[in-house]
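Working notes, structure below.
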Amino acid sequence: MRSGLLGLEPPHRLLAMARVLERYGPYGAAVGIAAIRDGNRPGVADERGILSFRDLDLRSNALANTLRSLDVNAGLSVGILCRNHRGILDAIFGIAKAGGRAVFLNTDFAGPQTVEVCAREGVEVLFYDEEFADVVAEVDAPQGRFVAWTDDPSGSTSGTTIESLITSGSPALPPAPEKHGKVVVLTSGTTGTPKGADRDIALSLVAPGAFLSKIPIHRGEATFIAPPIFHSLGLANVLLATVMGSTMVMRKFFDPEETLIATAEHSCSSLILVPAMLNRLLSVGEARIEQLDLSALRVILCSGAQLEGALGTRAMDAFGDIVYNLYGSTEVAWATIADPADIRAAPGTAGRVPLGTTVELFDDKDQRVPTGAVGRIFVSNGQEFSGYTGGGGKELVKGLMSTGDVGHFDQDGRLFVDGRDDEMIVSGGENVFPGEIENLLATHEAIDEA
């Protein structure tokens, strides 16, 4: 049975998965659980071909054992500057099994920004794609730097590769680390150096339960993950797809037509995007979209930015009523999810509160606001971050964490995000948020993206 998260698993298999989870924690155990249940299924499909979940598990074992020999252990920081491909999966799972602390670096960083973040986060080991050799040239990684991907078909590169580390390591189960591996995801700051958000995952079914209570993602299917895996949206869907035994289809660079071709080729049931990517998919044109067999596609999940009402409606006109919108942030994970019915009935909505989540709106005096009134958005779901790596955190009120946004609920319990809590301007005596102007511009036929 593949419809549920755990399905109808025999007791011995459940026991084996529990042991892996206890041994490596959520990040390290995800691929081990997939190997136990779905070892022969394709785990990842990228430009190099396909690796099964068993392949991914054995590769992460070998990498973890090699990293242990390089003194990568509990808490040691390992930088990852990679695009979406098998190498970043090797790094994520291998570092976690060794007990390391994975620090995700943005592929848009310039050299000085990369050096600054790596120094602040105490990066000792670095994995990077060869295209970023100049970007990381000045990064001090005293315990080693390794190439995760080279575009040379022969695999030739001037640096030591992740493949060589895997080849030299034992595929046997690595020793249990003293502490479970963690990850640091950088906030998407628009000025200065992004902050590092220390993220951990509670040992519970709350996170997948929240997703699956609103979004019909099933076990053993295929998911195209388009957003960068170094962002929370990409990483969360890697972990969910892995534990669900769903093939992860990915490409290093986002190309709208290639995304649709690969989605059809692998019979993907879900497609993960940010709104700007969804807009570019529509630019492929209705005629080309109709030529492709997208009959397996059941979910287009958008997140990472506000899904404008007009864009959501246009997407469902093109692909059918299969668009879902998840609202959240790096710090609070998720808050609300809009399903296709919500998006049709109330374009621009961020959706309703899913299972196991609390969302409250507070005024400037930390009092709850009535339905329809604008308030600051606060969330509790058990997956909030533990604070910024440089110190500090987000505001807490009554046990809930701030998203930094303001919004309102309608009479049907749907949340609308009106803007950032520090963006409001007063024009002609009216409170105006830039997001409202963006949404209005996006409805203009001559404007592709606002």
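The values are calculated or read from the model by the stated rules, or taken from the named source; none is laboratory data. Quick caveat: nothing in here was measured; it's all calculated off a predicted structure. With ideal geometry, Cβ positions are generated from the backbone for all residues, glycine too; neighbour counts draw on all protein chains shown. Surface accessibility is based on the protein's heavy atoms, side chains included, excluding ligands, DNA and RNA. Shrake-Rupley method; radii C 1.70, N 1.55, O 1.52, S 1.80 Å.
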> Within the stretch 73-85, is there a residue that is surrounded by 24 or more Cβ atoms within 10 Å (Cβ to Cβ) and in a helix (DSSP H, G or I)?
Replying inline: no
>> Could you list, ordered by first residue, the pairs with Cβ atoms under 8 Å in which the first is in the stretch 108-133 and at negative phi and basic (Lys, Arg) and the second is open to solvent by 20 Å² or more (accessible area, probe 1.4 Å) and part of a loop (DSSP other than H, G, I, E, B), at least 6 apart or interchain?
In response: Arg120/Thr193; Arg120/Thr389; Arg120/Gly390
> Of the residues Asn381, Asn325, which single one is under 17 Å from Pro275 (Cβ atoms) and of a type in the set (S, T, N, Q)?
Replying inline: Asn325
> For Lys97, all conditions in the list (1) open to solvent by 30 Å² or more (accessible area, probe 1.4 Å); (2) charged (D, E, K, R); (3) closer than 16 Å to Ala172 by Cβ hold save one; what is the number of the exception?
Replying inline: (1)
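Could you please let me know if Ala64 is touching a residue at least 24 places away in the same chain (Cβ under 8 Å), farther than 18 Å from Gly169 by Cβ and in contact with a helix residue (DSSP H, G or I) (Cβ under 8 Å, 6 or more places away or on another chain)?
Numbers: touching a residue at least 24 places away in the same chain (Cβ under 8 Å): yes; farther than 18 Å from Gly169 by Cβ: no; in contact with a helix residue (DSSP H, G or I) (Cβ under 8 Å, 6 or more places away or on another chain): yes.
Against the criterion (touching a residue at least 24 places away in the same chain (Cβ under 8 Å), farther than 18 Å from Gly169 by Cβ and in contact with a helix residue (DSSP H, G or I) (Cβ under 8 Å, 6 or more places away or on another chain)), Ala64 does not qualify.
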>> Yes or no: the stretch 227-243 includes at least one residue that is without any contact (Cβ under 8 Å) to a residue 60 or more places away in the chain and over 26 Å from Thr358 (Cβ atoms).
In response: yes
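Hand me the list of helices (runs of 4 or more DSSP H) wholly inside the stretch 265-361 holding 3 or more residues that are of a type in the set (A, V, I, L, M, F, W, C) and either open to solvent by 50 Å² or more (accessible area, probe 1.4 Å) or under 28 Å from Gly404 (Cβ atoms) (or both).
Details: elements: 275-282, 286-291, 309-319, 340-345.
Of the helices (runs of 4 or more DSSP H) lying wholly inside the stretch 265-361, those with at least 3 residues that are of a type in the set (A, V, I, L, M, F, W, C) and either open to solvent by 50 Å² or more (accessible area, probe 1.4 Å) or under 28 Å from Gly404 (Cβ atoms) (or both) span 275-282, 309-319, 340-345.
Rundown of residues vs (1) out of contact with any Ser or Thr (no Cβ under 8 Å at 6 or more places or on another chain); (2) at pLDDT 95 or above; (3) aromatic (Phe, Trp, Tyr), yes/no style:
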| site | (1), (2), (3) |
| --- | --- |
| His12 | yes, no, no |
| Arg23 | yes, no, no |
| Ala30 | no, no, no |
| Phe53 | no, yes, yes |
| Val72 | yes, no, no |
| Leu81 | no, yes, no |
| Gly87 | yes, yes, no |
> Within the stretch 145-155, can one find any residue that is among the hydrophobic types (A, V, I, L, M, F, W, C) and loosely packed, with under 15 Cβ neighbours inside 10 Å?
Replying inline: no
> Looking only at residues in the stretch 22-60 that are under 23 Å from the mean Cα position of the chain (by Cα) and among the polar types (S, T, N, Q), which one is farthest from Ile166 (Cα to Cα)?
Replying inline: Ser52
> Only one residue in Thr223, Thr247 is over 14 Å from the mean Cα position of the chain (by Cα), at pLDDT 90 or above and either hydroxyl-bearing (Ser, Thr, Tyr) or more than 25 Å from Asp342 (Cβ to Cβ) (or both). Which one?
Replying inline: Thr247
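Yes or no: Arg120 of a type in the set (Lys, Arg) and either crowded, with 24+ Cβ neighbours inside 10 Å or within 21 Å of the chain's Cα centre (by Cα) (or both)? I'd like the intermediate steps shown before the answer.
Values: of a type in the set (Lys, Arg): yes; either crowded, with 24+ Cβ neighbours inside 10 Å or within 21 Å of the chain's Cα centre (by Cα) (or both): no.
The answer is no for Arg120.
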> Which of the residues belonging to the stretch 354-380 are more than 11 Å from Lys398 (Cα to Cα) and either among the small types (Gly, Ala, Ser) or touching a helix residue (DSSP H, G or I) at 6+ places or on another chain (Cβ under 8 Å) (or both)?
Replying inline: Pro354, Leu355, Gly356, Thr357, Gly372, Ala373, Gly375
>> Return the pair list, or none, for Cβ contacts closer than 6 Å from residues in the stretch 351-371 that are on the phi < 0 side of the Ramachandran plot to residues that are in a loop (DSSP other than H, G, I, E, B) and hydrophobic (A, V, I, L, M, F, W, C), at least 6 apart or on different chains.
In response: Val359/Val353; Leu361/Val369; Asp363/Val369
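Tell me which residues, restricted to the stretch 232-260, are among the aromatic types (Phe, Trp, Tyr) and in contact with a helix residue (DSSP H, G or I) (Cβ under 7 Å, 6 or more places away or on another chain). Let's see the steps before the verdict.
Our first condition is that a residue be among the aromatic types (Phe, Trp, Tyr); within the stretch 232-260, this holds for 253-254.
Answer for the stretch 232-260, where residues must be among the aromatic types (Phe, Trp, Tyr) and in contact with a helix residue (DSSP H, G or I) (Cβ under 7 Å, 6 or more places away or on another chain): just Phe254.
So which strands (runs of 3 or more DSSP E) are wholly in the stretch 107-207 and hold at least 3 residues that are more than 30 Å from Thr358 (Cβ to Cβ) and modelled with pLDDT of 95 or more?
On the way: elements: 123-129, 145-149, 182-186, 196-199.
Output list reads 123-129, 145-149.
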